[in-house]
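Structure, as structure tokens:
Readers should treat all values here as calculations from the given coordinates under stated rules, not as data from a laboratory. Because the structure is predicted, anything quoted here is derived from the model rather than measured. Backbone-built Cβ (ideal geometry, glycine too); neighbour counts: all protein chains shown.
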Amino acid sequence: MKLTRLRTAALAAGLATLLTSSALAADVKATMIIYLDPSVQFFNPVVKGAQDAAAQFGVDLDVQYANNDPVRQNDLIESATASGVDGIAVAISSSDAFDESICAAVKAGIIVIGFNNDDLDGAKGNCRQAYVGMNELASGYELGNRMIKEFGLKSGDVVFNPREIPEASFAVARGGGIEKAMTENGIKVETVRAGLDPAEAQNIIAQFLIANPNVKALFGTGSVTSTVGAGAIKDAGVDIPFGGFDLAVEIVNAVESGAMYATMDQQPYLQGYYPIAQIALAKKYGLTPTDIDTGQGAFLRQVAHRFGQAADRQLPLTAFRGSPPARPAGSPFPNDRVPDRDSCPSRKCRATLADPETIHPQADHGHAGGSDLSRLHDPADRLHRRRAPLSGRVPLPLTAEPDDPDEGDPRAWMPRARSRRIDDRR
């Protein structure tokens with residue numbers, strides 16, 4: 001009996017060593033191409049997620065930046081294809097500029113995963129095999145409708161939606177969602193090119209607000225306009241509600257202070273993690289890459305603004321466990337809640353809610369110890385408990401639940417989505 005146990009223990013130890021070695025061995029090569037430059041802090045958690053996935057799946061990862069230059073981005077795609085990488089993760093910031101180079105890579109047998117930005121026609125408009133990122137149009141539409149409802153915007157009103165790069169796919173889609181919500185309610189949307197320089201963008205927004213005192217609300221489009229929007233409102237000396245996208249130190253602080261109503265968080269860490277994970281799984285095991293919506297309508301807010309309401313009135317932060325709030329008519333978000341995991345532990349009915357104490361602070365931003373993320377984590381973590389996904393879905397297509405009695409926990413170390421709802425009832 002002792003001998004059998006010793007043999008079993010030795011076999012288990014040897015298998016564990018083999019699995020660990022194979023996980024760390026860099027037997028897959030991948031290139032990640034970010035369309036902007038390294039100074040844009042939004043992509044820090046994206047890179048961190050990609051690096052974590054590379055370490056866990058055994059991927060030799062090369063991160064490149066296109067510096068908002070389509071010619072350079074095509075060159076990077078073609079160079080990666082020529083070097084024979086196994087996979088390319090690329091932000092598809094244009095619906096036309098990268099079609100040929102991406103299709104050529106796929107024809108060469110390379111796995112291509114889009115992330116952060118996608119072709120406006122999705123898989124129909126580009127050869128990429130999957131997209132990992134926010135549903136931009138749906139998120140813009142949701143934010144627009146929320147702002148209309150919260151602040152009583154009405155027909156004849158004018159709102160302002162400055163856009164960093166108006167022709168970029170993210171700006172077209174998010175702005176299109178906002179415009180759809182406004183148009184349906186007879187509200188006019190004004191927009192200008194704000195650029196990527198924060199100081200210049202803040203000045204452009206402030207000057208527009210000064211010149212157009214009839215503007216009733218401000219919408220950021222990307223991380224730059226959402227970062228500087230609160231400052232521009234202050235510079236202009238106006239008092240209007242403000243909502244936007246993404247997480248940055250300034251955005252989190254603005255939401256916490258009440259200077260910003262809400263931000264749509266697209267979980268950039270997952271946008272880096274999942275593309276590299278899918279490339280490795282496709283290469284090693286032949287698993288088919290799949291689209292992953294990392295946005296899920298995540299919506300952050302802390303206090304009701306003073307516009308037509310009592311000043312500093314706290315919104316209830318209790319977890320929502322009844323029927324989800326009614327969607328605005330025509331909302332693109334599905335109403336697809338599933339049973340609670342406590343009553344149905346298998347993968348077939350995933351949990352959609354979690355106790356706030358269990359929300360993992362690294363789900364969006366990687367490890368707090370990372371030198372490039374230390375400024376972001378402290379304020380961002382304070383809002384993780386207030387995240388309120390407006391869709392009931394949880395994007396977990398690549399991992400089994402740890403308590404799944406049918407499948408065990410083969411990938412327990414993978415990031416797990418946690419979510420809470422804000423009860424909108426007053």
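Extending 7 Å from Cα along the Cβ direction at Ala55 and again at Ala82 yields two label points whose distance is 3.3 nm. Once the Cα-Cα distance is subtracted from the 0.36 nm per residue extended length, the Val158 to Glu100 segment shows a gain of 16.9 nm.
With a Förster radius of 35 Å, plug the Cβ-Cβ distance of Asn214 and Ala26 into 1/(1 + (r/R0)^6) and report the FRET value to the nearest 0.05. Walk me through the numbers before you get to the answer.
On the way: r = 58 Å, r/R0 = 1.66.
That gives a FRET efficiency of 0.05.
Classify the stretch 173-300 as rounded, prolate or oblate from the Cα gyration tensor: take a ≥ b ≥ c as the square roots of its eigenvalues, call it rounded if a/c is under 1.5, otherwise prolate when a/b beats b/c and oblate if not. Verdict is prolate for the stretch 173-300.
Report the extension gain between Val238 and Glu190 in nm, rounded to one decimal, defined as 0.36 nm multiplied by the number of residues separating them, less their alpha carbon distance.
Details: separation 48, 0.36 × 48 = 17.28 nm, distance 1.68 nm.
Full-extension gain reported as 15.6 nm.
With the simple model of a label 7 Å out from the Cα in the direction of the Cβ, Lys149 to Thr288 spans 3.6 nm. Rounded if a/c is under 1.5, else prolate if a/b beats b/c, else oblate: with a ≥ b ≥ c from the C-alpha gyration tensor eigenvalues square-rooted, which is the stretch 84-155? Taking the square roots of the gyration eigenvalues as a ≥ b ≥ c, the stretch 84-155 is prolate. Within straight-line reach of Lys188, meaning a Cα separation under 21 Å, sit the following lysines at least 8 residues removed in sequence or on another chain: Lys149, Lys154, Lys180, Lys216.
The amide H of Ala217, built 1.01 Å from its N in the peptide plane, has Phe160 as neighbours under 5 Å, considering only residues 5 or more places off or on other chains. Partners of Lys284 within straight-line reach, counting lysines whose Cα lies under 28 Å from its Cα and excluding those fewer than 8 residues away in the same chain: Lys29, Lys48, Lys107, Lys124, Lys348.
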